[in-house]
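This report concerns only the one structure given below.
Every number in this text was worked out from the coordinates using simple rules, so none of it is lab data. The shown structure was predicted, so the numbers you read here are calculated from the model rather than taken from an experiment. Here the Cβ positions follow ideal geometry from the backbone for every residue, glycine too, while neighbour counts run over all protein chains shown.
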Amino acid sequence: MAAWLRRILIVALITLAIAAPLGQGNYIIYVMTSWLVFSVAAMGLNLTLGYAGQISLAQASFMAIGAYTTALLTLAGWHWLAAMPLGVLACFVVGFGLGYPALRVKGHFLAFVTLAFNTLVFLVLRNEEWLTGGTYGLVGIPRPNLGLFSTMRSLPFYYFTLTVTIIAALAMWGIVRSPWGRAFRALRENPIRAESLGVDTRRITLLAFAIGSMYGGLAGALIASLVQFIEPGSFGLAHSLRILLMVAVGGAGYFFGPFLGAGVVILLPEILRFTEGYYLIIYAVLVIVMLIFVPTGMIGMWGRIRDRFIARPVARADLQQGAQLK
Amino acid sequence: MMSQFLQVLLSGLATGSIYALVAIGFALVWQAAQTINFAQGEFVMLPAFLVLVGLNYFDLPLWGALLFGLAMSILILGAAFKKLVVEPILPHGGITLVIATIALGILIRESVKEFYSAEGQPFPSIFPSDPINIFGAVVSLQDILNLVLSLGIVVLLTLFLNRTRTGRCMQATAQNPAVAEILGVDVKRMVLYTFLINAALAALASFLITPVYLAKFSNGETLGLIAFIAAIIGGFNQIRGALVGGLLIGVLDNLVATYVTAEYRAALPLILLILIILVRPQGILGTPEGRAV
């Protein structure tokens with residue numbers, strides 16, 4: 001896409017995000033806020049899945065770590081802006097510790113380790129009642145008060161979340177564009193070539209996973225304040241799978257994929273409300289069908305439609321695939 | 001004291017041998033088609049419901065319903081899974097396929113919940129559960145027969161893979177499909193057989209394990225995870241490995257629940273998994289694959 005067109009689109013989208021909730025009811029604003037929160041979580045997972053090519057099935061438990069840390073600290077009187085970084089840092093440390101053994105070896109070990117980790121986090125949250133309140137969870141989590149700007153009402157909290165999301169997205173943009181981010185991309189395109197060009201693939205993948213987990217923690221810190229009530233059931237494996245499907249549906253490895261995917265996953269239940277319990281069945285079928293025909297997700301679908309109508313010159317298409325040395 | 005230990009050990013072996021069936025299927029599919037099936041747990045959950053459909057809707061006798069369940073499982077979870085999901089998606093890459101199997105798991109789980117029941121259903125036991133006495137340990141006959149039957153299935157499967165022509169062709173396909181093809185093996189057919197065997201193993205495991213619990217749509221979550229971990233602990237590329245991994249997890253799980261902590265028994269597989277990856281990533285009986293990238 002041409003740079004100027006992209007810039008206009010981004011400005012238009014942000015304007016839309018600012019204008020859309022005006023005059024809407026509390027419920028619609030709530031849905032839009034949770035779309036932003038899940039976009040942040042999916043953005044982090046996109047770094048792990050789309051850029052570094054590793055599957056993490058524990059994004060919901062990183063949200064849990066962020067949410068419980070923030071909730072416990074804010075309930076103890078800390079300010080959200082002080083509590084959130086600690087939660088995010090905790091996710092980085094845990095992600096690093098978890099990824100270190102799993103990424104030592106080739107294969108999808110990270111998927112299994114994170115799958116088991118999600119169960120473990122759920123157990124700890126449920127069993128350690130003295131800290132986490134067990135199955136009753138934590139209630140009455142305060143929303144941040146920014147001096148002149150209190151976020152107790154839903155509209156100010158939406159704008160607060162939007163600001164945090166935009167900052168997080170800019171940081172992600174920076175990461176993906178940095179030499180580091182280029183190393184991620186090199187890794188995804190061709191790990192053998194990346195390795196022979198001196199990229200320490202293991203360290204890069206580990207960092208991608210740990211940073212992706214931090215975004216999960218940030219999303220958790222936001223959701224604790226949004227819902228003001230957290231319990232272990234909100235961070236189960238099903239939620240991790242949901243975030244993973246958001247990334248896949250939107251388009252893994254595309255910067256705007258997670259926003260699109262999160263939008264679809266959050267809004268689809270509202271649209272398909274008339275189907276009642278069949279919603280997840282329909283959704284799962286749609287995902288499988290999409291993966292069969294357009295494995296690159298909705299953004300890939302758009303690319304394919306565009307290529308059909310607007311022919312573009314391709315320089316040396318034979319070089320695009322690499323030498324297929326695998 | 002000793003008799004309690006023996007009791008815990010035997011019932012652990014019985015559950016472990018059923019885990020092993022699932023883990024073996026998982027390892028076979030991995031070897032033959034490089035497919036990690038994240039719906040494997042649901043593959044074990046579904047056949048029990050197919051049997052219940054046979055019993056309650058077609059009024060079949062128990063043996064007829066079991067056969068119906070087995071046949072339908074092989075058809076749906078073997079042939080249809082291979083043709084409709086794996087074959088079209090595998091060329092897009094392993095990660096895409098993993099995501100597709102995750103979606104498939106959700107599809108199976110939610111379909112059972114919506115179309116059958118969200119409540120746990122009693123499932124008829126194949127074997128009587130009379131208690132019997134072995135060296136002072138009181139064990140249910142069901143556990144002993146489960147253990148004998150699943151070990152019998154593993155022995156038969158090993159004989160099939162090592163002693164018959166088809167079995168050897170399947171092994172050749174798993175080791176090197178290109179060379180196998182050159183040597184005249186019908187690689188596509190062998191891969192299909194692997195999927196059918198996986199479905200049959202999952203169905204048998206389902207028939208043995210469901211009477212112990214209840215038939216419930218969410219059974220697959222834990223079962224699938226345990227099967228993966230058993231396969232990894234034992235050694236991803238060996239049938240023996242998956243067997244040992246399954247038995248080990250079954251026994252350790254029971255021991256931990258009895259002697260250490262019941263609240264955190266579900267954490268045990270994770271701890272084992274991380275230990276194994278740190279110490280011996282190829283698994284206890286596995287052979288190293290020798291590449292880091």
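Taking a ≥ b ≥ c as the square roots of the eigenvalues of the Cα gyration tensor, chain B is classed as oblate, since a/c reaches at least 1.5 and a/b does not exceed b/c. Only helices enter the 222 nm calculation for chain B: every DSSP H run of n ≥ 4 contributes -39,500 (n - 2.57), and dividing by all residues gives -22000 deg cm²/dmol, rounded to 500. Between B:Val22, B:Val139, B:Val279, the Gaussian network model of chain B with springs among Cα atoms under 10 angstrom shows the greatest mean-square fluctuation at B:Val279. Temperature 25 °C, viscosity 0.890 mPa s: under these conditions the Stokes-Einstein estimate for the protein assembly as shown, based on its Kirkwood radius over C-alpha pairs, is 95 µm² per second.
What does a probe at A:Leu272 reach in region A:19-33, counting residues whose amide N is under 15 Å from the point 7 Å along Cα→Cβ? It comes to no residues whatsoever.
Pairs of lysines in the protein assembly as shown whose Cα atoms sit within less than 15 Å of one another amount to 4, provided the residues are eight or more positions apart or on different chains.
For chain A, the C-alpha radius of gyration divided by 2.2 N^0.38 Å, with N the number of residues, is 1.01. Between B:Gly235, B:Gly69, B:Gly54, the Gaussian network model of chain B with springs among Cα atoms under 10 angstrom shows the greatest mean-square fluctuation at B:Gly54. When each full DSSP H helix of chain B is screened for a Cα extent of at least 18 Å along its own axis and an average Kyte-Doolittle hydropathy of at least 0.5, the helices passing are B:2-33, B:40-56, B:94-115, B:141-163, B:187-209, B:220-234, B:239-255.
By the helix-only formula, in which each DSSP H run with n ≥ 4 contributes -39500 (n - 2.57) and the sum is divided by residues, chain A has a 222 nm mean residue ellipticity of -23000 deg cm²/dmol. Peptide B:167-173 is shielded by partner chain Cβ atoms: per residue, an average of 0 of them sit within 10 Å of its Cβ. For region B:108-203, the pair-distance distribution built from all alpha carbon pairs, in bins 5 Å wide starting at 0, is 2, 11, 13, 14, 11, 12, 12, 11, 9, 4, 2, 0 percent. Peptide A:194-206 has a mean shielding of 1, counted as Cβ atoms of other protein chains within 10 Å of each residue's Cβ.
Going by a ≥ b ≥ c, the root eigenvalues of the Cα gyration tensor, does region A:194-312 fall in the rounded group (a/c under 1.5), the prolate group (a/b larger than b/c) or the oblate group? Oblate. Within 10 Å of each Cβ in peptide B:87-97, how many partner chain Cβ atoms are there on average? Round it to a whole number, please. The shielding value for this peptide is 4. Loop-located chymotrypsin sites (Phe, Trp or Tyr not before Pro) across region B:12-67 with a Cβ neighbour count of 10 or fewer within 10 Å are B:Tyr57, B:Phe58, with loop assigned by DSSP.
In this label model, B:Lys188 and A:Trp302 are separated by 3.8 nm, measuring between points 7 Å along each Cα→Cβ vector. Between A:Ala60, A:Ala20, A:Ala169, the Gaussian network model of chain A with springs among Cα atoms under 10 angstrom shows the greatest mean-square fluctuation at A:Ala20. Only Cα sites of region B:34-129 enter the Debye sum here, all with the same form factor; the resulting log10 I(q)/I(0) across q = 0.12, 0.21, 0.23 1/Å is -0.44, -1.05, -1.17, listed in q order. The loop-placed GluC sites (Glu not before Pro) in region B:24-131, going by DSSP, that have at most 16 neighbouring Cβ atoms within 10 Å of their Cβ come out as B:Glu119.
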